[in-house]
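The values are calculated or read from the model by the stated rules, or taken from the named source; none is laboratory data. Computed from a predicted model, the values in this text were never measured in an experiment. Reconstructed Cβ throughout: ideal geometry from the backbone, glycine too, with neighbour counts over all protein chains shown. Each accessible area value is taken on the protein alone, full model and side chains, heavy atoms only, with ligands, DNA and RNA left out. Shrake-Rupley method; radii C 1.70, N 1.55, O 1.52, S 1.80 Å.
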Amino acid sequence: MRVVMLGTGYVGLVSGVCFSDFGHDVVCVDKDPNKIEKLLNGEIPIYEPGLDRLLDQNVKAGRLSFTLDLKEAAKGADAVFIAVGTPTRRGDGGADLTYVFAAAEEIANTFDNGVTVVLKSTVPVGTNRAVRDHIKKTNPNFEFYMASNPEFLREGAAIEDFMRPDRVVVGCDSEEAEYTLRQLYRPLYLRETPMLFTTFETAEIIKYAANAFLATKITFINEIADLCEKVDADVQQVAKGIGLDGRVGSKFLHAGPGYGGSCFPKDTLALAKTAQENKAPVTIVESVIKANDNRKVKMAEKVIASCGGSVEGKKIGILGVTFKPNTDDMRDAPSLVILPTLMERGATVVAYDPEGRREAEHMMPGVNWADDAYDVAQDADAIVVITEWNQFRALDLERLKGMMKSPLLVDLRNIYDPNIVAEKGFSYVPIGKPARMLPDAQPVDA
Ligand code: UDX
């Protein structure tokens, strides 16, 4: 099939590359000449493991190309995907759909009859129908089929999620659109991937409800972690104990510094807003949003408490600033609250992140950047793990201790075994389980 991908952001690029790997002919279109030029040179504007290799292979195989010229790309297309950004609107938390409607108008004036228009961007309930109507109004002679096809791609694991999804969700109201989407995802047939065909509105809600549910699960275990800390229980064992119940499930029960990223914060806000507008408020999701915002501040307080109640004049080493590992994405990362708070309270902050520095540097002026994990330890009063990159999980603790002013490890991701860290002579402060402090280093209550 011939596919046009409108928008070469994260979702557009991953989807375009993966569809071409499925064997389809894909043209990715963007308005930004810089982006297109880079892609034509094989440079990828985002960090996603494996994407560069897959892109290169499919360009070489002649199935994948990039252009600024939508008219040219549109010729003979079976499907055009709208994968443009839907940023959070300033002020009211709703999704800004300007780019989606602009793309819809361009499609109405450019494509041949018979094409299926697929909206992949995450959009509020009612948008697919509104986009379909907008295309019809823009060009009443244009015959097309509409489909909603929300994405469930995790950054850092997006290729795997695309190639081996738990399910494919499609909202549509015509056999033609259903046929096109079935053809596009046919390579998943062998894996017996469930394909759920439903209405536009149901597909839209599935996307928001899935992310809001996962955000709720994380926030739930984070609050249980706070309780565990107060009563000397162990949140990891609690998560295991409840996760073994098949109805609960063990995934997304890792307590941490709060969720971030491009999806959960934005999608929970948008769902809460849609629900309010429809007079069916999702009060649970509203609480999740509040609890997660507070959590990031609380994490800074936890670090300060671990340092005895003050970080004034202290040097704090930070391991990891991105919202999760295997990405350079800094959107709504907990570090964006934690690091500035520590600096406001008089700390000198030295940070290291394997991929995030370029993005993070301009977002957090005043932070000193180290070239590797050991660099942050030099004369540090504490080291704080914020992101669980693999390379932080087996650091040489003796070497770290030898470099630090005082051996304190605050592990906001629970990547270390408390016994091992304590044996090495560290004070250790994990999430949701008892801290192991050296006799002369007592944390104050956060
Ligand atoms: C998410 C969804 O998983 C994906 O399906 C979707 O459509 C896009 O949003 P992503 O934002 O890339 O993907 O990351 P994800 O792995 O889901 O993690 C989101 C945040 O939750 C991260 O900040 C992560 O650190 C945090 N998290 C996740 C936890 O704190 N604990 C967990 O157990 C899981």
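Numerical summary
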| read-out | value |
| --- | --- |
| Matching residues, the range 223-238, being small (Gly, Ala, Ser) and surrounded by fewer than 19 Cβ atoms within 10 Å (Cβ to Cβ) | 233 |
| Complete set of residues in the range 231-265 that are among the charged types (D, E, K, R), away from the ligand (no atom under 16 Å from the Cβ) and farther than 17 Å from residue 411 by Cα | 245, 247 |
| Check on residue 216, more than 16 Å from the ligand (Cβ to nearest atom) and at pLDDT 95 or above | no |
| Residue list for the range 46-64, filter: touching a residue at least 60 places away in the same chain (Cβ under 8 Å), open to solvent by 40 Å² or more (accessible area, probe 1.4 Å) and of a type outside the set (Ser, Thr, Tyr) | 46, 49 |
| Residues of the range 111-157 satisfying the condition of being within 16 Å of the ligand (Cβ to nearest atom), more than 25 Å from residue 94 (Cα to Cα) and buried (at least 23 other Cβ atoms within 10 Å of the Cβ) | none |
| The one condition in (1) within 25 Å of the chain's Cα centre (by Cα); (2) surrounded by 20 or more Cβ atoms within 10 Å (Cβ to Cβ) that residue 307 fails to fulfil | (1) |
| Residue match in the range 164-177 (condition: part of a helix (DSSP H, G or I), surrounded by fewer than 19 Cβ atoms within 10 Å (Cβ to Cβ) and in the same structural domain as residue 47 (by TED's automatic domain parsing)) | yes |
| Selected residue (criterion: surrounded by the most Cβ atoms within 10 Å (Cβ to Cβ)) from residues of the range 186-222 that are part of a helix (DSSP H, G or I) and among the acidic types (Asp, Glu) | 204 |
| Filtered residues of the range 382-403 (kept if surrounded by 21 or more Cβ atoms within 10 Å (Cβ to Cβ) and not in a helix (DSSP H, G or I)) | 382, 383, 384, 385, 386, 387, 389 |
| Verdict on residue 312 being surrounded by fewer than 22 Cβ atoms within 10 Å (Cβ to Cβ), in contact (Cβ under 8 Å) with a residue 24 or more places away in the chain, within 26 Å of the chain's Cα centre (by Cα) and in a loop (DSSP other than H, G, I, E, B) | no |
| Qualifying residue in the range 27-38 (condition: in contact (Cβ under 8 Å) with a residue 40 or more places away in the chain and not charged (D, E, K, R)) | yes |
| Test result for residue 376, within 30 Å of residue 327 (Cα to Cα) and touching a residue at least 60 places away in the same chain (Cβ under 8 Å) | no |
